[in-house]
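A quick write-up on the structure given underneath.
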Amino acid sequence: MSEPPSESARLQTLEAQARLNEAADETLELALRDRLALDATLRSMLPLLAAHTGAAAVWLRTYDEELRMRDFRYGPEITGDMEDVWRATSDGNRVQRQQGELFLVGQPLDVAGEIFGAASLVFTEAIDPRRCGLAADLLNTWCEELDNYLASIARARRKAQTMRALSEALRAPVLEEGITKALEVLREAVPYDDLLLALRHHSDRAGTSLHYKIVQNGALTHDSSRPDMEVDDFIRGHAGRLIQGESRALVERFGLERSREEVLISGLQNAHVIGRLCVTSKSGEFNTYDRDILERFADYLRQRVVDFNREWHTLRLTFPAPVARRLLDDADYAERHLSPRVEEVAILFADISGFTRISEQVLKEPRRIGELIDGWSRRVVEIVWETGGCFDKMVGDCIIGLWGPPFHEMSAEEACWGAAAAAHRIRALTAEYNTGAILPELKGLQPPIGVATGLGYARLCVGRFGPNEDFTGFSSGMNNVARLQGVANCDEILCSEAFVSALGEKEGTRFGPELQAEVKNVAEPLRYRKLERGPE
């Protein structure tokens, strides 16, 4: 049994530790100042340890900036097996042993209670117990200095890995899937307890674009992609006001009154609040590291929602909200549903009758003409959507609608029924302008304002076309519907032969006799019938 060290020996050990501590501290400060990589830092730290201990070589195994386990060595090539040191220290033990012709003094690296590697001094000759004890104490001092440095590398690297994983998750084509994956990544990095996330397009007052996730006690309990109808109405009723910061009912309902909140804002000059994230910590408060992760997560999510909202806005120019939402829930929606394809489609052309006369003789002022077109066209497009159609385009004062795209799940009869219903409702809408309630100048106008409509059913090449990827259709059949609309008088609804055949003599519908019209650039006359009575 060895004798305890004398007071003089103990003081010498403390002085040696203080010198090494000061030298190591200075070396690491310079490394941090100069932003040196781990390799460059250890090129100074390893010989420093050898010089203070008299070791022939120093061996270190630890994680680098990529969190890969690597070996670092200083001194002459050592033929001994360092794996024994690694195995002996991996469970937290220290090592002092003779190994062949070498004598090893090793210990684990402990970073915040986690084994982060091992270090060993290599002596090429036997050393006495006192020198061995001093070497072990100096190695421990050096390791403690290095532990803090390695901890900062580990934190930075783990944060970078978390950020990369969050970014990768949110790149998922379907927003719901991306958010779910990102929340799983977030939970691995930040020990949150409860979470509420609500997002929507800033212009969507109806909440059709709303996405929400609610986590309670670490488990996802409410999800807009799989709504629980008992609480879905409540969530949708309050989510919009929560996002805008106007109501706390939602956080109170789910016990998140003391949560940390991140507000998601899009735009700089015209800032819009598009989402809100509320999170509670298991420990009551989030530390600096966790707060930074949450802030970065909110920033990545904001960008993903901005991208989603851009897609949403583009689709909403053509399709009603439920269709846009269904498209965006499909990762391959652009290829599967919007790329050009040949399909049978019901077509509507609706044009204000006598628009030129009304503009030049009645409304006159450009602003009032703009009010007529803007108000009328907005409501007409809504009617197209409400009857199952999509908005193709507006040419002058003529609205073009299509029934069938983008999913092409309607039968011919269903598509034509929707187009016929829209034609009747557009005619009724246009008649309202004659009361003067919308534009006083049109009250009592003679002849009254009306709409001329052409309906057809034809094969189109329909989808996104051109540099702007406009959703539209092309075919001679569609051109003939445009010509048919040109033949129609005020408030007439003229239907092509194919449309009449597809709709059939349904109860509640009545067509007039077959008529013909010769038009430019068409060899055969257009054959059509007037829709005298149809779905209202």
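The values are calculated or read from the model by the stated rules, or taken from the named source; none is laboratory data. Since this is a predicted model, take the numbers as computed values, not measurements. Reconstructed Cβ throughout: ideal geometry from the backbone, glycine too, with neighbour counts over all protein chains shown. Ligands, DNA and RNA are stripped out before the accessible areas are found, and what is left, the full protein with its side chains, is counted by its heavy atoms. Shrake-Rupley method; radii C 1.70, N 1.55, O 1.52, S 1.80 Å.
Taking the Cα centre of the chain as origin, work out the dipole magnitude from +1 charges on Lys and Arg Cβ and -1 charges on Asp and Glu Cβ, in debye rounded to 20. Walk me through the intermediate numbers first.
On the way: 64 positive and 84 negative charges, 335 e Å.
Dipole about the Cα centre, nearest 20: 1600 debye.
Exposure check, 1.4 Å probe, all protein chains in place: TYR63 carries approximately 60 Å² of accessible surface. All C-alpha to C-alpha distances of the stretch 118-199, sorted into 10 Å bins beginning at zero, yield P(r) values of 14, 27, 18, 14, 14, 9, 3 percent in whole numbers. Over all projection directions, the Cα-based convex hull of the stretch 387-481 averages an area of 7.4 nm².
Looking at the stretch 275-322, what % of the alpha carbon pairs are farther apart than 12 Å?
So the portion of pairs separated by more than 12 Å is 71 percent.
Taking each of LYS443/LYS530; LYS159/LYS213; LYS181/LYS393; LYS213/LYS393; LYS443/LYS520 in turn, the alpha-carbon distance tops 32 angstrom for LYS181/LYS393; LYS213/LYS393; LYS443/LYS520. Only protein heavy atoms count here; on that basis, with a 1.4 Å probe, TRP385 has an accessible area of about 50 Å². With viscosity 0.692 mPa s and temperature 37 °C, the Kirkwood radius over alpha carbon pairs of the chain converts through Stokes-Einstein to a diffusion coefficient of 110 µm²/s. Each residue of the stretch 52-62 was assigned a 3J(HN,Hα) from its phi angle through the Karplus curve 6.51 cos²θ - 1.76 cosθ + 1.60 (θ = phi - 60°); the sequence is 7, 10, x, 6, 6, 8, 10, 10, 9, 10, 7 Hz, with glycine and proline shown as x. When shorter helices are ignored and each DSSP H run of at least 4 residues is given -39500 (n - 2.57), the per-residue value for the chain at 222 nm works out to -14000 deg cm²/dmol.
Of all the C-alpha pairs in the stretch 214-297, what % are more than 20 Å from each other? Walk me through the intermediate numbers first.
On the way: 1416 of 3486 pairs.
In whole percent, the share of Cα-Cα pairs in the stretch 214-297 beyond 20 Å is 41.
Stretching the chain fully between SER6 and GLU441 yields a gain of 145.6 nm (0.36 nm per residue, less the alpha carbon separation).
Determine by what factor the alpha-carbon radius of gyration of the stretch 91-228 differs from 2.2 N^0.38 Å, reporting the quotient.
Ratio of Cα Rg to 2.2 N^0.38 Å: 1.77.
With 5 Å bins beginning at zero, the pair-distance distribution over Cα atoms of the stretch 24-172 amounts to 2, 9, 19, 21, 19, 12, 8, 5, 3, 2, 1, 0, 0 %. Can you tell me the 0 to 90 degree angle between the C-alpha axis of helix 7-33 and the longest principal axis of the chain, rounded to 10? So the helix axis and the longest Cα principal axis differ by about 30 degrees. For the stretch 255-395, the alpha-carbon coordinates run over 72, 42, 26 Å along the three principal axes, in decreasing order.
Considering every alpha-carbon pair of the stretch 342-394, the percent of pairs per 5 Å bin, from zero through the bin containing the longest distance, is 4, 16, 24, 19, 14, 11, 7, 3, 1. Rolling a 1.4 Å probe across the protein heavy atoms gives the chain an accessible surface of 49 Å² per residue.
Over 18 Å, how big is the tail of the calculated P(r) for the stretch 394-443, in percent of all Cα pairs?
Of all Cα-Cα distances in the stretch 394-443, 50 percent exceed 18 Å.
Projecting the Cα atoms of PRO47, ALA151, THR62 onto the dipole axis of the chain, where Lys and Arg carry +1 and Asp and Glu carry -1 at the beta carbon, places ALA151 farthest toward the positive end.
Scalar couplings 3J(HN,Hα) for the stretch 319-326, obtained by applying the Karplus form with A = 6.51, B = -1.76, C = 1.60 to θ = phi - 60°, are 10, x, 4, x, 5, 4, 5, 5 Hz; x denotes Gly and Pro. Here each label is just a point 7 Å from Cα along the line to Cβ, and for ALA523 and LYS159 those points are 7.5 nm apart. Would you mind estimating how fast the stretch 1-59 diffuses translationally, via Stokes-Einstein at 20 °C and 1.002 mPa s with the Kirkwood radius over Cα pairs, in µm²/s? In µm²/s, the coefficient is 163.
Gyration tensor over the Cα atoms of the stretch 464-511: the corresponding equivalent ellipsoid has semi-axes (square roots of 5 times the eigenvalues, largest first) of 27, 15, 10 Å. A convex hull fitted to the Cα coordinates of the stretch 372-419 yields 63 cubic angstrom per residue. Were the residues from GLU101 through GLU65 laid out at 0.36 nm apart, the gain over their Cα-Cα distance would be 9.5 nm. When both the stretch 131-158 and the stretch 174-196 are represented by their alpha-carbon centers, they are found 35 Å apart.
If the chain between ARG43 and ASN468 were fully stretched, how many nm would it gain, using 0.36 nm times the residue separation less the Cα-Cα distance?
Details: separation 425, 0.36 × 425 = 153.00 nm, distance 5.73 nm.
Roughly 147.3 nm would be gained on extension.
The eigenvalues of the Cα gyration tensor, multiplied by 5 and square-rooted, give the stretch 437-536 an equivalent ellipsoid with semi-axes of 25, 21, 15 Å from largest to smallest. Across the stretch 514-523, coupling constants 3J(HN,Hα) worked out from phi with the 6.51/-1.76/1.60 Karplus curve, θ = phi - 60°, read 5, 10, 9, 8, 8, 10, 5, 6, 10, 5 Hz, and Gly and Pro carry x. Per atom type, the stretch 397-536 shows carbon and sulfur on 47% of its accessible surface, probed at 1.4 Å.
Put simply, the stretch 307-367 fits an ellipsoid with semi-axes of 36, 18, 9 Å; these come from the alpha carbon gyration tensor as the roots of five times its eigenvalues, largest first.
Mind checking the stretch 233-324 for GluC sites (Glu not before Pro) that DSSP puts in a loop (not H, G, I, E or B) and that have at most 11 other Cβ atoms within 10 Å? Can you show the working numbers first?
Numbers: sites: GLU246, GLU252, GLU257, GLU261, GLU262, GLU285, GLU295, GLU311; in loops: GLU246, GLU257, GLU285.
Answer by residue number: GLU246, GLU257, GLU285.
Calculate the FRET efficiency for ILE115 and GLU382 from the Cβ-Cβ distance with a Förster distance of 60 Å, rounded to the nearest 0.05.
0.40
For the stretch 345-429, just run the numbers: alpha carbon Rg, then divide by 2.2 N^0.38 Å, N being how many residues it has.
Values: Rg = 14.1 Å, N = 85, 2.2 N^0.38 = 11.9 Å.
Output field value: 1.19.
What part of the accessible area of the stretch 127-168, given as a whole %, is carbon or sulfur when the probe is 1.4 angstrom? Whole-percent figure for carbon plus sulfur exposure: 47. Scanning residues 5 or more positions from GLN96 or on other chains, those with amide H under 5 Å from its amide H are GLY106, with H placed 1.01 Å from N in the peptide plane.
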